[in-house]
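A short worksheet on the structure shown next.
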Amino acid sequence: YFNQFFNTSNISFDKKGILLTGTTTKIESRINAANFLKHSQKVYSFGHGGASLRLLLDEPIFIYGEQWFCSTYIDYGQEKKENLKSHPEVINRTSERIQSLRNTGNTETFKGKYLYVPTSLSSYKTYAPYRNFYNAYYVFWQKKLLNYLSKANINFKLKVHPKTILEYDFLSPELIEKKGLDRCFNDYDGFIFDYVSTALTETLATKNNVFFFDIGNRKITKEALFKIREDTNYIKIDFNQDLNQQISQNFNKIKPRRFSYIDSFSTHKTSTKDVIKDILKDYSIE
């Protein structure tokens, strides 16, 4: 177990070099980044998920995790004033994936088909103070939601998160959607979320109707919450009140897409290819 965290290769730091890395919340990337910084080398860390997580979620992990061990953070979306003097330096780019999905989907005919897209059930793999939603609590909520959909005779399926550790044995197999999310955009006209995720970002790039139940399992920034309210049928869930009554408020509404969410947090005039080209140009690498 311990050996996987030790680097036994002979890396020379005599010459000017750079490290291009993904998230530095992963211990292997964190150690590599620390070694480069220790030897006064540049570290470029690329954000993930198709949207600017540091602007979406007001959680400390995006400071001590994503941005602590890098010289420059390559983010998505539009520049903010604080980027100009921030540390690390922030460079913004567009998500080509999100751009390619823009205005896709099918809203020409109303099928009345809904797809619930939860996040994973991660057992003990949580982190405080915000992503700390216990499995039992999340399953309780999911059963309440799915029971309401069944009793209301709503045509639905559940899209299982690829990293979930739980088999949905309380659901009939025919209610589990096996296809990838991008293959579902033309098959469903209602998508249900309770978590700020890559899947939510991708769906908000389409024309499909989106329902968002805020159950408090992330600390969403005020700006992101405003954009979510603009682009989704949003409701803040209060677990001390009747859940069925709260859930039912959303399903007779259609919210036109304004694309304010992806235009703020996902798209930019600069491509990822151009950002990398500019980085390598400074090091005379082609």
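The values are calculated or read from the model by the stated rules, or taken from the named source; none is laboratory data. The shown structure was predicted, so the numbers you read here are calculated from the model rather than taken from an experiment. The area values use the complete protein model at the heavy-atom level, side chains included, leaving out ligands, DNA and RNA. Shrake-Rupley method; radii C 1.70, N 1.55, O 1.52, S 1.80 Å.
From the Cα gyration tensor of segment 67-198, with a ≥ b ≥ c the square roots of its eigenvalues, which class applies: rounded if a/c is under 1.5, or else prolate if a/b is larger than b/c, or else oblate? Working shown, then result.
Values: a/c = 2.79, a/b = 1.49, b/c = 1.87.
Oblate shape, in that a/c is at least 1.5 and b/c is the bigger or equal ratio.
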Open item on the list: Between helix 135-151 and the chain, what is the angle of the helix's C-alpha long axis to the longest principal axis, kept within 0 to 90° and rounded to the nearest 10?
Closed with: 40 degrees
Open item on the list: For segment 208-286, I need the span (max minus min coordinate) of the C-alpha atoms along each principal axis, in Å, sorted largest to smallest.
Closed with: 63, 26, 17
- [ ] For segment 122-187, just run the numbers: alpha carbon Rg, then divide by 2.2 N^0.38 Å, N being how many residues it has.
- [x] 1.26
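Using helices alone, what [θ] at 222 nm do you get for the chain, with -39,500 (n - 2.57) per DSSP H run of 4 or more residues, divided over all residues and rounded to the nearest 500?
Details: 10 runs with 83 residues, N = 286.
Computed mean residue ellipticity for the chain: -8000 deg cm²/dmol.
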Task: Carbon and sulfur %, accessible surface of the chain computed with the full protein complex present, 1.4 Å - done: 51 percent
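What pairs in K42/K227; K16/K227; K42/K269 have C-alpha atoms more than 31 Å from each other?
Details: K42/K227 34 Å; K16/K227 42 Å; K42/K269 25 Å.
K42/K227; K16/K227, as the Cα separations exceed 31 Å there.
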Open item on the list: Springs between alpha-carbon pairs under 10 angstrom, Gaussian network model over the chain: which of D169, D238, D182 fluctuates most?
Closed with: D169
Task: Other-chain or far-sequence residues with amide H under 5 Å of L19's (modelled H) - done: K42, V43, Y44
Open item on the list: For a quick check, take a GNM of the chain with Cα springs below 10 Å and name the residue from G22, G47, G77 with the largest mean-square fluctuation.
Closed with: G22
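How would you classify segment 223-266 from its alpha-carbon gyration tensor, with a ≥ b ≥ c the square roots of the eigenvalues: rounded for a/c under 1.5, else prolate if a/b is greater than b/c, otherwise oblate? Don't jump to the answer; show the numbers that get you there.
Values: a/c = 4.93, a/b = 1.88, b/c = 2.62.
Oblate.
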Task: Space enclosed by the convex hull of the alpha-carbon atoms of segment 131-285, per residue, Å³ - done: 166 Å³
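For the chain, what is the convex hull (Cα atoms) projected area averaged across all directions, in square nanometres?
Details: hull surface 69.6 nm².
The Cα convex hull of the chain, projected and averaged over all directions, gives 17.4 nm².
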TODO: Please calculate the 1.4 Å probe accessible area of R102, with all protein chains present, and give it to the nearest 10 Å².
DONE: 100 Å²
Open item on the list: Between 0 and 90 degrees, rounded to the nearest ten: what's the tilt of helix 27-38 against the longest Cα principal axis of the chain?
Closed with: 30 degrees
- [ ] With a 1.4 Å probe and all protein chains in place, put H48, H87, H268 in order of accessible area, largest first.
- [x] H87, H48, H268
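In the structure displayed, which of K159/K253; K207/K253; K179/K255; K26/K273 lie more than 19 Å apart, Cα to Cα? Could you put the intermediate results ahead of the total?
Details: K159/K253 22 Å; K207/K253 14 Å; K179/K255 25 Å; K26/K273 24 Å.
Distance filter (> 19 Å) returns K159/K253; K179/K255; K26/K273.
Rolling a 1.4 angstrom probe over the protein heavy atoms, how many square angstrom per residue are accessible across the chain? Intermediate values should be presented prior to the final figure.
Values: 15610 Å² over 286 residues.
Per residue, the chain has an accessible area of 55 Å².
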